[in-house]
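Reviewing the structure listed below.
A short reminder: the numbers here are calculations on the coordinates, not readings from a lab. Quick caveat: nothing in here was measured; it's all calculated off a predicted structure. No Cβ is skipped: glycine too gets one built from the backbone with ideal geometry, and neighbour counts run over all protein chains shown.
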Amino acid sequence: MADPVRTDLPTPRPAPAGPTDDRPPVCLGDFAELARAAVPPGVWDYVDGGSGAETTLAANRAALDRVAVLPRMLTGVDDPRTAATLLGREQAMPVVVAPMAYQRLLHPDGESALAAAAGAAGVPYALSTLSSTTIEEVTAAGAGPVWFQLYWLRDRALVADLLDRAHTAGCAALMVTVDVPVLGRRRRDVRNGFALPPDVTAANLPGGRDDLAHTGTPGVSAIAAHTGAVFAPALTWADLDWLRDRTPLPLLVKGILDPRDAVRAVQVGADAVVVSNHGGRQLDGAPATATVLPEVVAAVDGRAEVLLDSGIRSGTDVLRALALGATGVLLGRPMLWALAAGGRAGAETALALLATELRDALTLAGCADPAAARDLRTLTGG
């Protein structure tokens, strides 16, 4: 039976004429224009933009669109399960709400609302180090597992403190992001001189550690200035060895593109690698994640889970990722769109739509569950 779809979403301001005008969203993409109408232009550019010429940002979507899945016939499937196991725990879908910073830019309830929506949908929520709500508040708000995403900071004592807080708060996994030695040059933010408003802070950092993020200067991204001051630019595999010894939680390494790095992450003790180019927001010219995913899966060879990040927009995309060998996916920008459009209710609707789309895709592909989808064949190019 299909999940119910909310039709009572608030619209903060009238959306531009288009497919969502006066009608409820029917896909994740419908939330984009609702979100764009709901937030200031600078915030929209911060969420929507990529680095450089946004080549990699566009490539993520194009690569997924080129993946054709060969459905199987006469399999007798009419009501597939969407449930899948991630890091040893069954989830309602092979989907994780991706870690994304400063969610109170999109809605006053921010991370707490999105975590609660993820919990209600039965999927994990990954909380960013740069969240605008504390670890403790978010774990209290979420009805489901919260995974803590760690950015490596120059202050090792602060890294240790964040780990201790994540453990104490009951986080179910630790995801370390390794592709941000410095922030990618995001031209939209530079042009806008983008800075955080006073009421949106890096809530997990000690007071004053995010002052630079609030200092608006023409032609300068305050976000980039802040991360340049607090992030450690020279993270090494030795640091990951320290981290593996420091935490008993399942460990995910996010930001992997080269299969050789995936193998090294497994050797360090990672339980999963996340194939990610940071949503096209770091090295512009890096490959689309769907393009390198099969090579990473082959290199890991079952020794760890492999999740796909960057560009997922539909249940069909989840099916594509599974067919390419992924264990699951991270879902990013669409959840921010939904949060901006309707807070927790918007996010719940988006995840319900995704579940319906995934169920339909599995049925049409002849798969009884996500595990079966990993046996499908794919073609590239249509």
Within the chain, what percent of beta bridges assigned by DSSP are antiparallel, to the nearest 5?
-> 25 percent
For the stretch 234-382, state the semi-axes of the equivalent ellipsoid (square roots of 5 times the eigenvalues of the alpha-carbon gyration tensor), sorted largest first and rounded to whole angstrom.
-> 27, 20, 15
Semi-axes a, b, c in Å (a largest) for the stretch 152-249, each sqrt of 5 times a Cα gyration tensor eigenvalue, come to 28, 16, 11
How many times 2.2 N^0.38 Å is the alpha carbon radius of gyration of the chain?
-> 0.93
Debye equation applied to the C-alpha atoms of the stretch 316-362, log10 I(q)/I(0) at 0.29 Å⁻¹ = -1.02
Could you pull the Rg and Dmax for the stretch 52-192, using just the Cα atoms, both in Å?
-> 18.3, 58
Using modelled backbone amide H atoms (1.01 Å from N, in-plane), which distant-in-sequence or interchain residues come within less than 5 Å of LEU127's amide H?
-> TRP147, PHE148, GLN149
Only Lys, Arg (+1) and Asp, Glu (-1) charged, at Cβ; the chain dipole about Cα centre in debye | 580 debye
Tell me, what ³J(HN,Hα) does each residue in the stretch 204-209 have, in order and in whole Hz, if you take phi through Karplus 6.51 cos²θ - 1.76 cosθ + 1.60 with θ = phi - 60° and put x for Gly and Pro?
-> 8, 9, x, x, x, 6
Rounded to whole Hz, the Karplus (6.51, -1.76, 1.60) HN-Hα couplings of the stretch 59-69, x for glycine and proline = 5, 4, 5, 4, 5, 5, 5, 7, 7, 9, 9
Sorted by chain and then number, the residues having a modelled amide H within less than 5 Å of the amide H of LEU86, at least 5 places away or on another chain, are GLN91
Where Rh is the Kirkwood radius over the Cα pairs of the stretch 57-131, the temperature 4 °C and the viscosity 1.567 mPa s, what D in µm²/s does Stokes-Einstein return?
-> 85 µm²/s
